[in-house]
1. With runs of 4+ DSSP H residues as the only contributors, calculate the mean residue ellipticity of chain B at 222 nm using -39,500 (n - 2.57) per run, divided by the residue total and rounded to the nearest 500.
2. Evaluate E = 1/(1 + (r/R0)^6) for residue C:180 and residue B:359, where r is the Cβ-Cβ distance and R0 equals 41 Å; express this FRET efficiency to the nearest 0.05.
3. Given the alpha-carbon gyration tensor of region C:172-259, what are the semi-axes of its equivalent ellipsoid in whole angstrom, ordered largest first, with each equal to the square root of 5 times an eigenvalue?
4. Considering every residue in C:131-144, what mean count of other chain Cβ atoms within 10 Å of its Cβ is obtained?
5. So for the pair residue B:316, residue A:397, with labels modelled 7 Å out along Cα→Cβ, what separation do we get in nm?
6. Could the peptides B:236-247, C:186-197, B:251-262 be put in order, highest first, of the mean number of other beta-carbon atoms found within 10 Å of their residues?
7. Could you work out the mean count of beta carbons from other protein chains within 10 Å of each residue's beta carbon in B:271-281?
8. With N set to the number of residues, divide the alpha-carbon radius of gyration of chain C by 2.2 N^0.38 Å and report two decimals.
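Values quoted throughout were computed directly from the atomic coordinates according to the rules given, and no laboratory measurement underlies them. Everything numeric here is computed off the predicted structure, so don't read it as measured data. Here the Cβ positions follow ideal geometry from the backbone for every residue, glycine too, while neighbour counts run over all protein chains shown.
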């Protein structure tokens, strides 16, 4: 029975040795422990005794050859039965550090996987054990404490034992977008809140910040057919812009008291669970200002100007399909609270794409909330059939002169555009000044 | 080489007894031995040496990661081991294969240790109180001393009945005498008058460092320095090793406190199979000690007493049988269970449970290792 | 109820007394522990009561103390060693880590090594070099050892007895700055397993974890925070190896924020291990990264600088503020 003697590791971690001199030749009879060969390792000269008794059939390396540990060096035809020899461990799958034959150049920044000179590579084509089919990857040391992935969970309000399942980057996104994770349904594995879940849960306006820069498309151009909502919007814009001569006025105002007022409303029991924002204050301001400057709330026909004694307050809403302007019917009859709820309802409906044509018709005056896009001001185009449109800008901390000193204050720009056929500069200014005075002092609404 | 005028020798290298005032009391112990016991000395030394050589071959054949030869130190070990009584406790270093044999250790336990299947694992209660090998140099000297202190606290020693009074033997080498732990052991043993025999095998080498680097004074004087009665013996003389050890152990177990023996011997082989003595020692050195070989001189002694070829052939055959048996059993050894890895604590431990379970789950999730 | 107010040294003394009385294989050994009763008087009166064969004054040799304790354990004794000060444990380090920690595994079930090593540790006592260290991490990192540290006299009384009663080696770290303040000790029954961690103050905004003397600092920080309107939960770790994570995880699930505090230097510390484990196991519960408050990565400074070095309530609250800012 032919047996092979693999080169052993004789010195605790050696990887190779040189054959110095053979003490036997093919055809010789050898006994167990008879010296076969003298080898030289990094540490010393060593004689190797035969593990077998039998006849030498082949010397597998010449004198002077360097052999790796584990490689068979001699074949013996064994007379007395086979002996199982375990191949020595070590040196058979991982190469030496500094194996310059196989080392890659210094890792270039572009090519990934390049290894720094001197670290070598595994040399023998390192492999990993395959996962058995159907095997489940082990969790780190047993189940995680919050058992996050084990079952789908609905996140609940903080304070309870069930955690909101969201990774740190998603939590940060939620914070940046002012989204309360407790109110978001997670659609990821096990109820995990994904990026899309957060974005969907964000307020309609905050959605429209660019979160990513897309790659340049490969095609030179993209052609979008003009139809549906886009066509309707275009028609309306053209009609407005080239029928009604637009005039705009702007004024900056200290909105600190509006911010405080809004905060106090939020904290009050009356408004618990209702979305309260400066837009609500502006909406009320528009209604009040219309009461004081009725002609801005009218419609031009070639024959007559129809002044409306009701306010169907339009709120410009950006939706994925385009700009729409649903309006709150008879907003002048609503209490502050009712107005807040109507605003919220209008927003949700628009975001869900459920706004009806009836919702969008019969508007008398419109507010566009450019501030939710972070813009300070703008020059909006009138909603067709209307005579005035108010733009509420972003409310930001800016330097403001208070009692002769420059101090930081919440400042915003109130702007409005009008149809100059009906509204002259003085009405335009008075109306806009009225809006600004409410923003500056919401208590005026108690009038 | 390190022989001094104080070196106690009962058997010359030529194999004849040395009679003097110094050796007289010890020779009494020798004459009290039976022929069978003397033959046992020889048997133990020869079989151990043959085992040792076979284990070295197995290492060169890739069957053991390491072998630690005891070649040349058989007399120091067999004599002292034979002198210890059944109730005594033995604390070896890691080269005391002959002592293990005398106390009843199956040589396969040492093979398994050096093949990487265990860190020792045998039960001293089953092996003549031969404790596990300790690989950190000198550490066992403190364990041995603590054990001896325990004997005193238990009143299991010093009662005047040598048949039941127990003592401890601590083995260590010349290199170990430089380690702080050995000095601390001597401090504690002397302070508490513990019933312990410190048996130093000065085999003249700590890997490649000669004993002259360890000490500028004969090593047995170290014991004296701590207030412990100490002698130096010819460690290649199994009779001296036996007689002096027996005397000292009985003094220790009788309440006389610790004792110290420096046995001059020589590490005929390498430190381990990873070592190459040709790099640091001279052939003359090895020749000097080969002429003082413990087995050769004892064979001369026995032949002079009338033992014939038949006895020596029989011992040789027994040695061959044991070597073959060790070879067969070594080649048949399997792998340890990973369970052993987590058997770290005596009491239940949550992290062990966790990691054991993790490994089991991990293994079952992957294909078997194919080689 | 058998509750009595006493110092931690007295509690330890009583606990050792109870252990010596309960099992005559228990013996104490260390420098100056017998006649003098120990430099902190923890073993006061025990030699008189139990005799010099149960309470041993040893030579001045830490390796010798631990090494002979191992031999005594092999003989069937249950040695309780005292290392006189934290900074002097290092001469015994080899016997503790190379031998004591490994002997149970090496002996494959044939022998037990019920050796307890008591070590006064930690700062706040204005002492000289080597007398105010916190070397717990070396031993918590060593497989085969158990490492615990009581924060109160009550825990000291019970934990020392539990450590002695167990069959494994235990490093028993006694916060010496807590030796003399008094606390209630209930001697009627042990209510807590040796290795359990425990919530000692409930809160909602963040979790604080610490051991030994740090627990008092954490409680102080929590009190200050409460006046500022922040509600902090404090967990006493009690055991550094193994660590009982369950109460910490439950707390973090509730508060979402964790601050770990320790006197020891922070680099590669017990606090680092806790931070990594909580980040792994409570990932979805965390509102903020786990923060660590530790001693600086320097040798323990001269005593006049220890108040700058050691984490106090302000340092803890600074970390709390950072955690709450996320």
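1. Values: 14 runs with 170 residues, N = 371.
Rounded to the nearest 500, the figure is -14500 deg cm²/dmol.
2. After rounding, the FRET efficiency stands at 0.30.
3. Working from the Cα gyration tensor, I get semi-axes of 22, 17, 12 Å.
4. 1
5. Placing both labels 7 Å beyond Cα along the Cβ direction yields 10.1 nm.
6. B:236-247, B:251-262, C:186-197
7. 3
8. 0.98
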